[in-house]
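**Q** One structure is given below, represented as structure tokens, and several questions about it will come after.
Read the figures in this text as sums done on the coordinates, not as results from a lab. All of these numbers come straight from a predicted model, not from anything done at the bench. As a convention, Cβ positions derive from the backbone with ideal geometry for all residues, glycine included, and neighbour counts pool all protein chains shown.
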Amino acid sequence: MITGFVHYVQLSVLVKAIGTGYFLGLLFSIFMLLNSVHGKSTAVVFIRDIIFFLLAAVISFFFTLKYNAGQIRFYILAGELAGFCLFYIFPGASFGNLCRKAVRRISLLLKRIVCFFSLICLRLTFAVTEFKKKHPKKQRDGRQKKLRRKAQKTRKQKAGFYKKSDLKSKR
């Protein structure tokens, strides 16, 4: 009776290990999706693979620690490998294709949004430059100042502040 209990626990741990392997397959598929998004530079792929394997090792360690008191058994590793393979046999390929299509559609949508807003910005800048060409701002150069001074002098002259001889000598 005790041996049957042990087999039941081992079978339960095996089924949970298959589930953990399935989850690791999903996680690996997500990491592969990142490769398709950011490019396939060898250094970047190497670093992502190292991160994935470290993460998988930590998940496997905590799994064996929780369900088998930290004892590493061959059936646990075989169950994780079987779950990983199950993910890639059944939904893995379709999941990867689905994710790639979704990423392509999202990137296409983002490109269209960026293109739309850049087109709006270009049209606004074109409209502003055309408006400035049609309605030039008064130039604030020396010529404008001279005209202003001349107008002030004529006003003061009309008011009687200057004599005509003073105005001729200042010119």
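**Q** Counting other C-beta atoms within 10 Å, which of TYR22, TYR8, TYR67 has the fewest, and how do the rest follow?
**A** Numbers: TYR22 22, TYR8 10, TYR67 17.
In order of increasing Cβ crowding within 10 Å: TYR8, TYR67, TYR22.
**Q** Can you check what the net charge comes to around SER29, using other residues whose Cβ is under 13 Å from the Cβ of SER29 (Lys, Arg +1; Asp, Glu -1)? Don't jump to the answer; show the numbers that get you there.
**A** Working: positive: ARG48, ARG100; negative: none.
So the surrounding residues net to +2.
**Q** Test of understanding: ordering CYS99, CYS121 by Cβ neighbours within 10 Å, fewest first, what list do you get?
**A** Starting with the residue having the fewest Cβ neighbours, the order is CYS121, CYS99.
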